[in-house]
Structures are given as structure tokens and as C-alpha cells.
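Beneath this line is the structure, given in C-alpha cells, with notes to follow.
The values are calculated or read from the model by the stated rules, or taken from the named source; none is laboratory data. Remember, predicted model here, so these are calculated numbers, not experimental data. Reconstructed Cβ throughout: ideal geometry from the backbone, glycine too, with neighbour counts over all protein chains shown. All accessible areas refer to the heavy atoms of the entire protein, side chains included, with ligands and DNA or RNA removed. Shrake-Rupley method; radii C 1.70, N 1.55, O 1.52, S 1.80 Å.
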Amino acid sequence: MILERLLREEWGRLLALLVAQFRRLDLAEDALGDAFEAAARRWPEDGEPANPRAWLLVAARRRVLDRLRAEAVAHRSLPLLAVETDLTEEARRVLADGSAPGEAGVVDERLRLVLLCAHPTLPAEHAAALTLRLVLGVPTADVARLFLVPTATMAARLTRARKRLAGASFAVPTGEALLRRVADVADIAYLAFTAGYAPGSGADVVRSEEAGEALRLVRVLREVAPDAARPDLDALLALMLLQHSRRDARVADGALVLLPDQDRSRWRRTEIVEALDLLTPLAAGTTSTPYLLQALIAAEHAIAPTASDTVWSRITRWYAELEDLTGSPVVRLNRAVAVAEADGPGPALALLDGLDLPGHRLPAVRAELLTRAGRSAEARTAYDAAIGACENAAERDHLVGRRDRLDDG
């Protein structure tokens, strides 16, 4: 249906134009939602308009003006109505010909909206949720499902985020400040993406469709960001495409399927090819970034015909470089897993000495490595610790299964 396509593809663009004109995020969002509802009622009876985007923009604009008139009467503040005569040039172009995405004015306003939603005053998870809701038009219920919270909780979180943005500057920074803000938005998008693949329970073991919306956000960000930000955004998009390409093989019969056990024929090759095309020029460069190194690691898995064909020596080298770059204990943990594949459990266990991480992942990895080293009693103790610390039903079931197989010899 065309209205669904417009909601998916044009929501952020139209909202950006309204926010740019009226500088009222609350009015713009409500008015655009009303315009889509009106279209859902009227278009089936009246027929689709010649320029659907212009119809929606005009309808939303009229609703904003109606609200402004009501506020002006309530507050005796007639100057608020002056905006009625000030239609932005980009909006005029949309009304005239429905101009295609990517034109300079739209790009500027979409970037302004993206940066506003990911404002530094917002907690990262709230910014991620607000960005998906406003820039992409993802329904609140789907955003809630992505972050594994009730819809009412997410609605309240979004409301608080909007209130915190009241009075925030709509200005777009320049130079290094702009690049830092774009990098922050990229991190927020990746946070939302990884939330989709953080194991849930039942029907929500993974939430690949919602994770795909975060991937779409990175595509939007690449369209509107300055050229200097493009290499790192290309690396991030490649990383997300490679991880997302495995979505059909990640779950079987409601249970998680780990990477070595996945049916690689179910991986989506078109997305892998797109990712590799993005990575090829980046890999030839001299600058490594965290997203690029993670993407190169993911690419090694993607090009290996089977798990046993994986070139672990390259993966361990990139993990070592990534750890040097970030100093992250999570990277050290992942590096230990790769070292176990390349050099055996002994060197991998040595990497875990002195490592301190909350949660169940560190004892779970240690349990697996101890099992491979034949140290069953220590492995069982580590599995018990991991199971006790695990708060996710799907992952806990997996750990219990690994421990039970250990008990079975």
C-alpha cells in the first residue's frame, strides 16, 4: 500500500521539513501523524492524490497552523501566526514537484532532525528510541519490542525524551563538532541494532525486523552526513549488513543458534556482497577504526564456506588491534574466544586472567574454555556461575544445556 511505503520512506523527511519551518517538534510530530490518519480515511474514497507527499505536507502544515491559532487565542499571542506566511523554500519545492530525497535542503533538515533526536542531553538508549520513532517513523510498539520493554514504558520514555528536548538548539554544528555529533548518532544507531540481536525470550529471541530499522537509520545518516564522516559510516553499514545477513539462521525452534552451528546457506548473500563492496576500499587504507576492524572480523566469517574454513589467525590479529585501539574488556573477551580457535584453550584462558566483567558472559566463556582444556570440575563451577548471573531465559537454557552435556561426559 502506498501509504505504508510513504510512512516508511517519507516520514522523517516530511517531519524534518515541518520542524525546520515551525521549530516545534511536538506540533510537527502530532500534525504529521494526523495527516497520515486523514490520508488513510480519505484516499480509499477520494483516490490517491497526484502528489501524495505534498498532500501530506499540506495537511500536516494546516494542522500545525490550527494548533498555533488555538494557542495564540489562548495566550493572546498573535505574533505566533506570522509563521503561516513563511513557507520554507524546500517545502515549496515539495509542493511543486515532490522533489526526490537527497536534495540539499532536505538533506540539511534531515540532518538537523537526526542530530536533535540524538541530543547529548539524552541517555543513549532514549536517544536511540527517539531517533527511530521520529526519523524513521517506527511505531512505538515496535521500538518497545526492540528494547524489550512494555509499550507503555517506551511511550513514557519517548515522552520524557521529547520534554528534555524542549528548548534545545536546532542549530547544526560545523567542522569537528559536527563529525563528533555524527559519530554519536552512529553509535546510537548501532546500540539500537545490537539491541535487536540481544537474546530475548519466546517470540522475541531475536528481533531482526526491528534491528533492520536501525540499519536503515545508518543509511539515512550516510545520505545526510558530511563526506568526511563517510568512511566510518561505510564501515558501520558493512558491519551491520554482515551481522544482519545471518538473521534467518540465528534461531531454530525458538532457540538460539550460535555462529559455528548456523546453516550458512540461509545467510543472505546480497547483503554480504554489498558489505564486502563497502569494505574493499576501506581495507586498502591505512587508518583503522573500531567499526572497520569489527567489520573485517565479521567479513572473515561471511567469506568462510564453513566454520572450519574460518581464518582465525587474521581474526585474532584484528582483535588484538581492536583491543589496542579501545582497551575494552569486552574486546578482550571476544579476542580470547578467537585465540582459542587459533591456538587452543590454554592461551585463551591466559587472556582472561585478571579480566573483570559483570554479568554471565565472562564465566560462560571461561566454562567453555575449561571444558575444551579437559578441566571438567572447574568448567562445571564456571557454568554454575554463568547460569546464576544470566537474566535471559534463552541464554540460560543454552548454558544449562552445555553444563548438562558436560555432566553427561
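For region 250-266, check the following and say yes or no: at least one residue is hydrophobic (A, V, I, L, M, F, W, C) and at pLDDT 95 or above. No, region 250-266 has no match at all. Can you find a residue that is under 30 Å from Ala394 (Cβ atoms) and touching a residue at least 40 places away in the same chain (Cβ under 8 Å) anywhere in region 217-235? Yes, some residue in region 217-235 is under 30 Å from Ala394 (Cβ atoms) and touching a residue at least 40 places away in the same chain (Cβ under 8 Å).
If you go through region 245-266 and keep only what is in contact with a helix residue (DSSP H, G or I) (Cβ under 6 Å, 6 or more places away or on another chain), open to solvent by less than 40 Å² (accessible area, probe 1.4 Å) and of a type outside the set (A, V, I, L, M), you end up with Ser245, Arg247, Gln262. In region 251-278, what residues are among the aliphatic types (A, V, I, L, M) and over 19 Å from Arg219 (Cα atoms)? Result: Val251, Ala252, Ala255, Leu256, Val257, Leu258, Leu259. Out of Trp55, Trp11, Trp43, one residue alone is modelled with pLDDT of 85 or more, assigned to a helix (DSSP H, G or I), touching a Pro at 6+ places or on another chain (Cβ under 6 Å) and more than 21 Å from Gly167 (Cα to Cα). It is Trp55.
Number of residues in region 388-401 that are within 17 Å of Asp253 (Cβ to Cβ), surrounded by 14 or more Cβ atoms within 10 Å (Cβ to Cβ) and at pLDDT below 90 equals 5. When each of Ala50, Ala82 is tested for being modelled with pLDDT of 85 or more, more than 30 Å from the chain's Cα centre (by Cα), among the hydrophobic types (A, V, I, L, M, F, W, C) and surrounded by fewer than 16 Cβ atoms within 10 Å (Cβ to Cβ), the lone residue that passes is Ala50. Screening Leu399, Leu357 for residues that are aliphatic (A, V, I, L, M) and either touching a residue at least 60 places away in the same chain (Cβ under 8 Å) or part of a helix (DSSP H, G or I) (or both) leaves exactly one candidate, Leu399.
Listed here are the residues, each with its yes/no results for (1) in a loop (DSSP other than H, G, I, E, B); (2) open to solvent by 20 Å² or more (accessible area, probe 1.4 Å); (3) in contact with a strand residue (DSSP E or B) (Cβ under 7 Å, 6 or more places away or on another chain); (4) in contact (Cβ under 8 Å) with a residue 12 or more places away in the chain.
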position: Leu362; (1), (2), (3), (4): no, no, no, yes
position: Thr371; (1), (2), (3), (4): no, yes, no, yes
position: Gly374; (1), (2), (3), (4): yes, yes, no, no
position: Ala377; (1), (2), (3), (4): no, yes, no, no
position: Arg380; (1), (2), (3), (4): no, yes, no, yes
position: Ala386; (1), (2), (3), (4): no, no, no, yes
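Every test in (1) touching a residue at least 12 places away in the same chain (Cβ under 8 Å); (2) over 26 Å from the mean Cα position of the chain (by Cα); (3) closer than 12 Å to Ala338 by Cβ is passed by Thr306 save one, and that test is (3).
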